[in-house]
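Please read the structure below before turning to the comments.
The values are calculated or read from the model by the stated rules, or taken from the named source; none is laboratory data. Because the structure is a prediction, the values reported are computed rather than measured. No Cβ is skipped: glycine too gets one built from the backbone with ideal geometry, and neighbour counts run over all protein chains shown. Just the protein is used for accessible areas: all its heavy atoms, side chains included, with ligands, DNA and RNA removed. Shrake-Rupley method; radii C 1.70, N 1.55, O 1.52, S 1.80 Å.
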Amino acid sequence: MEIDLPTVWAGIIAFAVLAYVVLDGFDLGVGILFPFFRDRHDRDIMTNSIAPVWDGNETWLVLGGGGLMAVFPVVYATVLPALYMPVILMLLGLIFRGVAFEFRWRTTRGSIWWDIGFWLGSTVAAFTQGIALGALVQGIEIVDRAYAGGWWDWLTPFSLITGAAVTVGYALLGATWLNLKTSGDLQARSRRIAMWTGGATIALIGVVSLWSPFIDQIYFERWFGWPTAFFSAFVPMLLAVCAFALWQGLTTDKHLQPFLAALGLFVLSFIGIGISFYPYMVPGALTIEEAAAPDSSLMFLLVGASVLVPVILAYTGYAYWVFRGKIDPEEGYH
């Protein structure tokens, strides 16, 4: 049986992007929440909770971006020029955030400025990721396999809403992560923040979901046409289940359940985007087949990915297993 290499690679890229969102999302969320925790000791515990895993989480961003360039070069060459500004701001945010994470431990008097940098870098990275997603959903103008739009086409009310949705959603992931990893007053405040950010996240998901089908006829037919509407209906039903699990977990002092429920909201939202996009890589412009590199290149790269992806999964899982459990408030990052 012949392997559909473009579809296989589309699945690998989608998995890498999803892994980045759910893993790096919560540690970006921890940074976004810094203004709600003014005490330095609280902030130290917050950063200790992500210290063993935050940089490893960004491996998936490298895999997704590098894989896109190698496997779907036309998409990389057309989407990147359309999103230069948000992508550059995202990378600057991630770089500044990483520097601030390390430097805040090296000074006491100036740590407040590095804390601001950590918050700002995390927030900018999250917001621009959402803007890039919104710009991609609303469509990118492509003519003769080249970007034909303007410099500011990415900046629209819809992309700003998706930027806000991702930022608030990451804050929810950060709050539920802190609820899982901390104890005492810090955990209690994180749980209260998770209630508010959870409600805001669900509301913003609703706004984006109701807006999206009216952006493009393809989305409308995919969500409301038969027989795809039958399968599409399961996404909002499962979102409601995750929303209830989040609320129930937070109100009954569960630790792991709210975090898993918040992850479920992101996974289901990602599946919803996949339902809207398939079989396009760039909605309405480039399909998976049209955008893919030659099969010989895809097979060559697949051999490397079949080794690399399991290795990344193994060491990522091992890191989370080794550093499982609650954070000791007296331990420090070195």
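Summary table
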quantity	calculated
Centroid-to-centroid separation of the range 162-182 and the range 257-334 [C-alpha atoms, Å]	18 Å
The range 1-37 residues near the modelled M299 label - backbone nitrogen below 13 Å, point 7 Å along Cα→Cβ	1-6
Trypsin sites (Lys or Arg not before Pro) restricted to the range 68-172 and DSSP loop, no more than 11 other C-beta within 10 Å	R106, R109
Accessible surface, the chain, averaged per residue in Å² (probe 1.4 Å)	48 Å²
Length added when fully stretched, M69-S183, from 0.36 nm per residue minus Cα-Cα	36.7 nm
Ratio of Rg to Rh over the range 3-321 (Cα coordinates, Kirkwood Rh, two decimals)	0.97
Protein accessible area in the range 86-143, 1.4 Å probe - carbon and sulfur %	76 percent
Potential lengthening between Y315 and T252 on full extension [0.36 nm per residue; Cα-Cα distance subtracted]	19.4 nm
Cα→Cβ-extended label distance, 7 Å offset, between V207 and I88, nm	2.8 nm
Among F26, T182, C242 - extreme Cα towards positive end, dipole of the chain, charges at beta-carbon	T182
Helical contribution to [θ] at 222 nm, DSSP H n ≥ 4, -39,500 (n - 2.57), averaged over the chain, rounded to 500	-25000 deg cm²/dmol
Alpha-carbon spread of the range 91-163, three principal axes, descending order, Å	55, 24, 15
For peptides 256-269, 197-210, sequence by mean Cβ density within 10 Å, most packed first	256-269, 197-210
Contour excess over end-to-end distance, with Cα ends at W196 and A229 and 0.36 nm allotted per residue	8.8 nm
Computed accessible area, Y320, all protein chains, 1.4 angstrom probe, square angstrom	60 Å²
T287 accessible area, assembled protein chains, probe 1.4 Å, Å²	30 Å²
Using alpha-carbon coordinates, inclination of helix 295-322 to the longest axis of the chain, degrees	20 degrees
Accessible surface of the range 250-306 [probe 1.4 Å, protein heavy atoms]: carbon and sulfur percent	71 percent
Where labels lie 7 Å past Cα in the beta-carbon direction, separation of V143 and V241 in nm	4.7 nm
10 °C / 1.306 mPa s Stokes-Einstein diffusion coefficient of the range 14-117, Kirkwood radius on C-alpha pairs, µm²/s	105 µm²/s
